[in-house]
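**Student:** Quick one: the structure is below, and I'll ask about it shortly.
We did not get these values from a lab; they are worked out from the coordinates using the rules stated. All values reported here derive from a predicted model rather than from experimental measurement. FYI the Cβ positions are ideal-geometry reconstructions off the backbone, even for glycines, and counts take in every protein chain you see.
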Amino acid sequence: MKKDRKADSISTFLGGDAKFEGSIEFQGTIRVDGKVTGKISSNGGTVIVGEKAVIHADISVAVAVVMGEVDGTIDATDRIEVYPPGRVSGEIQAPIISIEPGGMLNGSCTMKTAATSSSKSSAKPEIHSVAVDSKGK
C-alpha cells in the first residue's frame with residue numbers, strides 16, 4: 001500500500017557534483033545530493049539526503065529523510081526516516097524514528113516525546129534508547 005504524504009516543494013538543492021564545507025541554515029525543504037562537511041540546521045525545516053549524498057555533519061532539523069550516507073548526529077524535532085540504501089553512523093534523536101528494511105544505523109538512537117508546552121515542563125520526557133550494529137541486531 002502506498003503511503004500518502006504531503007508533497008513539500010524543495011526550496012534548496014545541492015547537486016551531486018557539489019561539495020560544501022561549513023554551516024547551512026535554511027527554511028523549508030533542502031535536498032542534498034553532494035558532499036557536505038560541517039553543520040546543517042533549520043528551525044522547522046526538512047532535509048532530504050539523496051542516495052548519492054555523503055554528509056559528515058551535525059544535523060538539527062524538524063524532519064530528516066536519509067537515503068544516502070550520514071556520519072554525525074541527527075537531532076529532529078518531528079521525525080527521522082531512513083530508507084535503503086541509507087546509512088547513518090552516529091547518534092540520532094527524534095520522537096519518531098523509522099528505519100526501513102535495508103536502511104542502516106550504526107550508533108545510538110534516542111526516542112523522546114514531542115516538545116511539551118511550558119505548562120507541562122515539570123513532566124519528564126520519556127526516553128528510549130537502542131543500539132543497532134551493522135548486522136541489524
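**Student:** Using a ≥ b ≥ c from the Cα gyration tensor of segment 12-132 (square roots of the eigenvalues), is it rounded, prolate or oblate, where a/c under 1.5 gives rounded and otherwise the larger of a/b and b/c decides, a/b for prolate?
**Tutor:** oblate
**Student:** Give me the number: length gained by fully extending Arg79 to Lys19, i.e. 0.36 nm times residue separation minus the C-alpha to C-alpha distance, one decimal in nm.
**Tutor:** Full extension of this stretch gives 19.0 nm more.
**Student:** Give me the dipole magnitude in Debye, nearest 20, for segment 12-132 about the Cα centre, with unit charges on the beta carbon: positive for Lys and Arg, negative for Asp and Glu. Numbers along the way, then the final one.
**Tutor:** Working: 10 positive and 14 negative charges, 49 e Å.
For this selection, approximately 240 debye.
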